[in-house]
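Asks: Below is the structure I would like to discuss, written out as structure tokens.
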């Protein structure tokens, strides 16, 4: 039995006294307890269903407004219980408005035709000339977007994947829009073909068109003043505000685009923060941040990235159009007024300073500085491994995860050292030694892919990479053994066995997620052969791989321990492990001491310049201490000292257990 009924003659008379009218009152259906006194100056057309209006809503400034419909025109609408609709200057058409929603002072809210609400929109990312289009949808993850964007050579896989997304988009399509329960839409000019999720807040926006706000109570989406958003998806917990202009974009969980930021044909994944500047055709992986008006990000791939003021790139050399791209691997940074002429590829956790006009691929030398000197690009390999700033970044990212949704779509691995980056360090050592062998050990400079490397920088780079590899491998071994019980060599050997074939070779950083290349190959085969029947299965595969990260990492360790020491893990003696752990302790202490030395520079007299403005050097020190604190009590310094102590103690416990065998 339907929960709706026709209006009674008495109710129609009362509605008309309240200046309400309808093309056909027979098309207006209401719930049994409907109160016509809660409607005033309303015009109805098409099929209308109305709930009951019993509650009082509280607006800004503690203003109370009883729910109901006032000063509005509705066409083909379903209005559920306790909704407040007021001051609609044009009309609401083809919308289902769910419980406790508020729509106040809105120009137009309408669906014009069958719409997918942004699902299925093609975003022409990375290459403005086309060829890397990503089809977006409500539940897209950074990893699924990565597949679409960077594996175009797997044509059948991409075809099957986009067919699944097209089907998903078709399933979301409707001629009726939705305003979810508890949503608030206030003082907004135009909303067309948009799906507004539960608990969304839209206030003082300008235009919202062909988009979806994937909002919920745990992580509401917020759209603020002056926003123009067209052909887009906003995932849970995201914020668009303060004049942001967004076209053909995907906004991931916990992202904020604000303060006149503009973006087109771009993807932003978990926890990106973008303010003032502009983006065009970028793939912004998790934790991509840009804060400055003068910054342009264009045609690039970034993740865990921080753009300095005035950062700029060029992807157009006036030949075949804007078809060039840049890759800045995870953790890269650009300093103020930096410039890269694409194509360019920057290694993980590297820093770019100055302006660089020659194309280069320096991804094989991670943790480096790329600086400009006399119009030359100078590379300092590995130096960022000893920078306290690199450690600070690794610590801050997990603490800055804004995702409050219980379902976190993007898989993010925060490890500073991983098989991915350590493989690159090992390759970096080979590159540097080959340069040394080819040009001789006495050369002042070495040339590599259009950059120059000083002799002293090359030698230090090899040492940095060797230390970083030992640190990661020792960390992995200690993590494996510190909480395990073993009393015989046989039990130890069993513990040390690898449990998977995946992980011994190449590793990938798939938009924030580490995975072995073998797992990616399996995934592509499964998609290509339709063994993953839907997008949910694809997400589950990525999650399964992520859950096996430690297992795959151990496989990597077993292979590389043998290469490093010449000892097979199946035949390793406890004394071999003890010797290795002593080497690891030395590496950890060495690096931590360099971090502390780097920290101490931040407390030098030179850094105190500007403190104690009206006093002498003593006053400057006192003022600095009052504002910045002291080196010995600085929270980050004490964290490093504690980390150093804990790592050493963990290693000692494992060593003592091994010595008992």
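The values are calculated or read from the model by the stated rules, or taken from the named source; none is laboratory data. Being a predicted model, the structure only gives us computed values, none of them experimental. Counting neighbours? That spans all protein chains shown, and the Cβs are built from the backbone with ideal geometry, glycine included.
Asks: Residues in segment 598-616: is at least one closer than 29 Å to residue 476 by Cβ and out of contact with any strand residue (DSSP E or B) (no Cβ under 6 Å at 6 or more places or on another chain)?
Replies: Within segment 598-616, one or more residues are closer than 29 Å to residue 476 by Cβ and out of contact with any strand residue (DSSP E or B) (no Cβ under 6 Å at 6 or more places or on another chain).
Asks: If you check 85, 69, which single one turns out to be more than 14 Å from residue 30 (Cα to Cα) and not assigned by TED's automatic domain parsing to the domain that holds residue 194?
Replies: Just a single option satisfies the conditions, and that option is 85.
Asks: For segment 645-661, give me the residue count where each residue is surrounded by fewer than 16 Cβ atoms within 10 Å (Cβ to Cβ) and in a helix (DSSP H, G or I).
Replies: Counting residues in segment 645-661 that are surrounded by fewer than 16 Cβ atoms within 10 Å (Cβ to Cβ) and in a helix (DSSP H, G or I) gives 8.
Asks: Report, by residue number, each residue of segment 53-100 that is surrounded by fewer than 17 Cβ atoms within 10 Å (Cβ to Cβ), out of contact with any strand residue (DSSP E or B) (no Cβ under 8 Å at 6 or more places or on another chain) and within 14 Å of residue 35 (Cα to Cα).
Replies: 54
Asks: May I ask you to list the residues in segment 491-518 that are on the phi < 0 side of the Ramachandran plot and within 21 Å of the chain's Cα centre (by Cα)?
Replies: Within segment 491-518, 507, 508, 509, 510, 513, 514, 515, 516 qualify.
Asks: Among 234, 272, 249, which is under 26 Å from residue 331 (Cβ atoms) and free of Cβ contacts under 8 Å to residues at least 24 places away in the same chain?
Replies: Of 234, 272, 249, the one residue that is under 26 Å from residue 331 (Cβ atoms) and free of Cβ contacts under 8 Å to residues at least 24 places away in the same chain is 272.
Asks: Among the numbered criteria (1) at positive phi; (2) surrounded by fewer than 23 Cβ atoms within 10 Å (Cβ to Cβ); (3) within 14 Å of the chain's Cα centre (by Cα), which one does residue 276 miss?
Replies: So the condition that residue 276 fails would be (3).
Asks: Answer yes or no as to whether residue 169 is surrounded by 17 or more Cβ atoms within 10 Å (Cβ to Cβ), in the same structural domain as residue 227 (by TED's automatic domain parsing) and within 23 Å of residue 284 (Cβ to Cβ).
Replies: For residue 169, the condition - surrounded by 17 or more Cβ atoms within 10 Å (Cβ to Cβ), in the same structural domain as residue 227 (by TED's automatic domain parsing) and within 23 Å of residue 284 (Cβ to Cβ) - is met.
Asks: Please indicate, with yes or no, whether at least one residue in segment 436-445 is assigned to a helix (DSSP H, G or I), more than 20 Å from residue 360 (Cα to Cα) and either out of contact with any strand residue (DSSP E or B) (no Cβ under 6 Å at 6 or more places or on another chain) or in contact (Cβ under 8 Å) with a residue 24 or more places away in the chain (or both).
Replies: Yes, the conditions are met somewhere in segment 436-445.
Asks: If residue 429 satisfies every condition in (1) within 28 Å of residue 583 (Cβ to Cβ); (2) surrounded by 23 or more Cβ atoms within 10 Å (Cβ to Cβ); (3) modelled with pLDDT of 95 or more but one, which is the exception?
Replies: So the condition that residue 429 fails would be (2).
Asks: Only one of these conditions is not met by residue 564: (1) in the same structural domain as residue 505 (by TED's automatic domain parsing); (2) not in a helix (DSSP H, G or I). Which number is it?
Replies: (2)
Asks: In this structure, does residue 44 turn out to be closer than 26 Å to residue 110 by Cβ and in contact with a helix residue (DSSP H, G or I) (Cβ under 7 Å, 6 or more places away or on another chain)?
Replies: For residue 44, the condition - closer than 26 Å to residue 110 by Cβ and in contact with a helix residue (DSSP H, G or I) (Cβ under 7 Å, 6 or more places away or on another chain) - is not met.
Asks: Sticking with this structure for a sec: Conditions: (1) touching a residue at least 24 places away in the same chain (Cβ under 8 Å); (2) over 21 Å from residue 427 (Cα atoms); (3) surrounded by fewer than 15 Cβ atoms within 10 Å (Cβ to Cβ). Residue 521 meets all but one. Number of the miss?
Replies: Against the list (1) touching a residue at least 24 places away in the same chain (Cβ under 8 Å); (2) over 21 Å from residue 427 (Cα atoms); (3) surrounded by fewer than 15 Cβ atoms within 10 Å (Cβ to Cβ), residue 521 comes up short only on (1).
Asks: Out of the residues in segment 172-213 that are within 24 Å of the chain's Cα centre (by Cα) and at positive phi, which is surrounded by the fewest Cβ atoms within 10 Å (Cβ to Cβ)?
Replies: Among them, the one singled out is 210.
Asks: Then there's this: In this structure, is residue 24 out of contact with any helix residue (DSSP H, G or I) (no Cβ under 9 Å at 6 or more places or on another chain) and in the same structural domain as residue 4 (by TED's automatic domain parsing)?
Replies: So residue 24 passes the test.
Asks: Continuing with the same structure: Can you find a residue that is surrounded by fewer than 18 Cβ atoms within 10 Å (Cβ to Cβ) and within 37 Å of the chain's Cα centre (by Cα) anywhere in segment 568-576?
Replies: no
Asks: Given 189, 152, which one is in contact (Cβ under 8 Å) with a residue 40 or more places away in the chain and not assigned by TED's automatic domain parsing to the domain that holds residue 81?
Replies: Checking each option against the conditions leaves just 189.
Asks: Within segment 603-644, take every residue that is surrounded by 15 or more Cβ atoms within 10 Å (Cβ to Cβ) and in a loop (DSSP other than H, G, I, E, B) and give me the one that is modelled with the highest pLDDT.
Replies: For segment 603-644, the residue satisfying everything is 611.
Asks: State whether one or more residues within segment 323-330 are touching a strand residue (DSSP E or B) at 6+ places or on another chain (Cβ under 6 Å) and either surrounded by fewer than 19 Cβ atoms within 10 Å (Cβ to Cβ) or farther than 18 Å from residue 284 by Cα (or both).
Replies: Checked segment 323-330: no residue is touching a strand residue (DSSP E or B) at 6+ places or on another chain (Cβ under 6 Å) and either surrounded by fewer than 19 Cβ atoms within 10 Å (Cβ to Cβ) or farther than 18 Å from residue 284 by Cα (or both).
Asks: Continuing with this model, one more query. Taking the condition of being surrounded by 15 or more Cβ atoms within 10 Å (Cβ to Cβ) and under 14 Å from residue 48 (Cα atoms), how many residues in segment 1-11 meet it?
Replies: 2
Asks: Would segment 306-322 turn up any residue that is outside the structural domain of residue 272 (by TED's automatic domain parsing), in a loop (DSSP other than H, G, I, E, B), touching a strand residue (DSSP E or B) at 6+ places or on another chain (Cβ under 7 Å) and closer than 22 Å to residue 272 by Cα?
Replies: yes
Asks: Same structure, new question: I need the full set of residues from segment 295-305 which are within 17 Å of residue 267 (Cβ to Cβ) and either assigned to a strand (DSSP E or B) or touching a strand residue (DSSP E or B) at 6+ places or on another chain (Cβ under 7 Å) (or both), in order please.
Replies: Passing the criteria: 296, 297, 298, 299, 300, 301, 302, 305.
Asks: One residue is enough: does segment 13-29 have a residue meeting the conditions under 48 Å from the mean Cα position of the chain (by Cα) and assigned to a loop (DSSP other than H, G, I, E, B)?
Replies: No, the conditions are met nowhere in segment 13-29.
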